[in-house]
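**Q** My structure is below; once you've seen it, I'll send some questions.
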Amino acid sequence: MNPRNPHHRRRLLGLAAASAAAGIASVSWPASAQERAVRFILPNATGSGVDAITRAAQPALAKALGHPVIVDNQAGAGGVVGLQALARSAPDGFTLSVVSNNVVIFPSVLKSVPFDMPGDFTPIAVVGYTPVVLVVNAKVPAANSRELVALLKAKGSEMNYASGGNGTILHLATEMFLDEAGVTARHIPYKGVGPVLTDLVGGQVQFATAALPSVQQHLKSGALRAIGVATAQRIAAAPEIPTFAEQGLPSYQVEAWFAVIGPRGLPGAEVQRIHAAVVIAFADPAVKETMARQGNVINVQAADRAMPFFRSELVRYAQLVKKAGVEGQ
């Protein structure tokens, strides 16, 4: 079967759609491509929420696509490094990425971005969202939002908060909290969430906003303490963590969504086939169980909704960035 032949592409698309509808656990490339692996370039460090999600789904994605899946973490510059690598990749369906809100925030907070978002990419599937929590080092004398705000009012100039990089969703989320509470703190940007957690646990920084999956083990060990979750309601995976609405900050709500994208120019048939594999992978019982345990909410949107979603989020976050007063760098 020649994948370049339009007739054969239509046939592949039909097979992908049929597989998704029938619950068949494989949507593969032609036999000539079976030896190749699909590389997911993650613009995040190991240990980040997106990294945890991708690795949890990796076996199911490999099964659904019919051949190996490699996770390639390329953190740096808040995610710009990895995204630039993806933008330079061939649009053949063998190089993809799982990304978060960060990608639509960059244009509003960085003075120079070496690609156009979303023009240099092909959004494939908005998969779901991850709850974010504001956490403090265990030695910080604050157990809730009221106590943390009081501490920041008294010692804000001495308090540091960390993020995975300037202009990331977790940087913006903390700035939104500070703005909502009317307090300040010093921002310390890192190259990825992994280093943030290392220094947060070690006490080099006092607090941060993080995706729940990335901090669960530290919350259980007692190394970190959760102040609140930025969702409208408490989450089943950690029902003991109160929302900020319960603590007097009803407007502070943030959803860290995640999506699968490819480079610009990915053919429509490839988009539909990969989308079908994503649907199958995230419906896998083992993946569903892991996602629920992490607190992730899975709701894969249709492929034709992905690009409009990215464009609308660009506008929404530009407004949020302006309101939070985050200056471009």
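**Q** Among Thr168, His218, His187, whose Cα projects farthest towards the positive end of the dipole of the range 131-229, with charges put on the beta-carbon of Lys, Arg (+1) and Asp, Glu (-1)?
**A** The one lying farthest along the dipole's positive direction is His218.
**Q** Under 5 Å between amide hydrogens, which residues at least 5 positions from Gly228 or on another chain qualify, with H placed 1.01 Å from N in the peptide plane?
**A** Leu134
**Q** Shifting gears a bit: Using the Cα centre of the range 131-229 as the reference point, and only Cβ charges (+1 on K/R, -1 on D/E), how large is the resulting charge dipole? Debye, rounded to the nearest 20.
**A** In total the dipole reaches around 240 debye.
**Q** Taking R0 as 45 Å, what's the FRET efficiency between Arg293 and Arg88 from their Cβ-Cβ distance, rounded to 0.05?
**A** FRET efficiency, Arg293 to Arg88: 0.80.
**Q** In whole Å, what three semi-axes, largest first, describe the equivalent ellipsoid of the range 182-273 built from its Cα gyration tensor (square root of 5 times each eigenvalue)?
**A** 30, 19, 15
**Q** On to the next question. Counting only DSSP beta bridges with both residues in the chain, what percent are antiparallel, rounded to the nearest 5?
**A** Looking only at bridges with both residues in the chain, the antiparallel portion is about 65 percent.
**Q** A further question follows. Output the peptides 90-98, 190-198 sorted from most to least packed, where packing is the average of other Cβ atoms within 10 Å over each peptide's residues.
**A** 190-198, 90-98
**Q** If neighbour count is taken as other Cβ atoms inside 10 Å, put Asp72, Asp199, Asp284 in order from fewest to most.
**A** Fewest-to-most ranking of Asp72, Asp199, Asp284: Asp72, Asp199, Asp284.
**Q** Given 0.36 nm per residue, what is the gain on full extension from Thr198 to Ser112 after removing their alpha carbon distance, in nm?
**A** Working it through step by step, the gained length comes to 28.1 nm.
**Q** Return the lysines within reach of Lys139: Cα separation strictly under 19 angstrom, same-chain partners fewer than 8 residues apart disregarded; answer none if there are no such residues.
**A** Result set, ordered by chain and number: Lys153, Lys155, Lys220.
**Q** On to the next question. Work out, step by step, the length gained on full extension between Lys155 and Glu246: first 0.36 nm times the residue separation, then minus their alpha carbon distance; give nm to one decimal.
**A** Gain on stretching Lys155 to Glu246: 30.3 nm.
**Q** Also, quick follow-up: Write down the radius of gyration of the range 131-229 and its Dmax, each obtained from C-alpha positions, in Å.
**A** Rg then Dmax for the range 131-229, in Å: 11.8, 31.
**Q** What size of dipole, in debye to the nearest 20, comes out for the chain about its Cα centre when the only charges are +1 on Lys and Arg C-beta atoms and -1 on Asp and Glu C-beta atoms?
**A** Dipole about the Cα centre, nearest 20: 400 debye.
**Q** Just grab the label-to-label distance for Arg305 and Lys139, each label 7 Å out from Cα along the Cβ direction, in nm (one decimal).
**A** Here the answer is 4.7 nm between the modelled labels.
**Q** Same structure again: Calculate the length of the line joining the C-alpha centroid of the range 231-247 to that of the range 81-110, in whole Å.
**A** 31
**Q** Using bins 5 angstrom wide from zero, how does P(r) for the range 31-89 break down, in % of all Cα pairs?
**A** 4, 19, 25, 22, 18, 9, 3, 0
**Q** I've got another one for you. Please give the per residue volume of the convex hull enclosing the alpha carbon atoms of the chain, rounded to a whole number of Å³.
**A** Values: hull volume 38.6 nm³, N = 329.
Output value, Cα hull per residue: 117 Å³.
**Q** A follow-up question, please. For the range 220-329, report the translational diffusion coefficient in µm²/s to the nearest whole number, using Stokes-Einstein at 25 °C, 0.890 mPa s, and a Kirkwood Rh over Cα pairs. Mind showing how you got there, number by number?
**A** Details: Rh = 17.1 Å.
Translational D for this selection: 143 µm²/s.
**Q** Around Gly47, which amide H atoms from residues at least 5 apart in sequence, or from another chain, sit under 5 Å from its own amide H, with H modelled in the peptide plane?
**A** Ala52
**Q** Over the range 91-143, what lengths in whole Å, largest first, do the semi-axes of the equivalent ellipsoid take, defined as the square roots of 5 times the eigenvalues of the alpha-carbon gyration tensor?
**A** Numbers: eigenvalues 205, 57, 18 Å².
Output for the range 91-143: semi-axes of 32, 17, 9 Å.
**Q** Any idea what the relative contact order of the range 131-229 is, in percent, if you count C-alpha pairs under 8 Å spaced at least 6 apart? Present the calculation step by step, with values, prior to reporting the outcome.
**A** Working: 173 pairs, mean separation 47.7, N = 99.
Reported relative contact order: 48 percent.
**Q** While we're on this one: Which order do the peptides 251-264, 49-62 come out in when sorted by mean C-beta neighbours inside 10 angstrom, highest first?
**A** Values: 251-264: 20.6, 49-62: 22.3.
Output ranking for 251-264, 49-62: 49-62, 251-264.
**Q** Give me the number: length gained by fully extending Lys220 to Val71, i.e. 0.36 nm times residue separation minus the C-alpha to C-alpha distance, one decimal in nm.
**A** Working: separation 149, 0.36 × 149 = 53.64 nm, distance 2.69 nm.
Between Lys220 and Val71, full extension yields an extra 51.0 nm.
**Q** Right, another one. Place the peptides 268-276, 237-245 in order of packing, highest mean first, counting for every residue the other Cβ atoms within 10 Å and averaging per peptide. Walk me through the intermediate numbers first.
**A** Working: 268-276: 21.9, 237-245: 17.0.
In descending order of packing, they fall as 268-276, 237-245.
**Q** Moving to a separate point now. Can you list the residues, at least 5 places off or on another chain, whose amide H is less than 5 Å from the amide H of Thr95, using H built in the peptide plane?
**A** Arg39
**Q** A follow-up question, please. Residue by residue, what Karplus-based ³J(HN,Hα) values in Hz, rounded to whole numbers, does the range 38-44 have, using 6.51, -1.76 and 1.60 with θ = phi - 60° and x for Gly and Pro?
**A** Computed from phi, the couplings for the range 38-44 are 8, 9, 9, 7, 9, x, 9 Hz.
**Q** Among bridges DSSP assigns within the range 80-235, what percent are antiparallel (round to 5)?
**A** If we restrict to bridges inside the range 80-235, about 60 percent are antiparallel.
**Q** Under Stokes-Einstein, with the Kirkwood radius over Cα pairs standing in for Rh, what whole-number D in µm²/s applies to the range 60-207 at 25 °C and 0.890 mPa s?
**A** Working: Rh = 17.3 Å.
In µm²/s, the coefficient rounds to 142.
Only the coordinates and a few stated rules stand behind these numbers; no lab work does. Keep in mind that this is a model prediction, so the values were computed, not measured. Note that we place each Cβ from the backbone using ideal geometry, even for glycine, and neighbour counts take in every protein chain shown.
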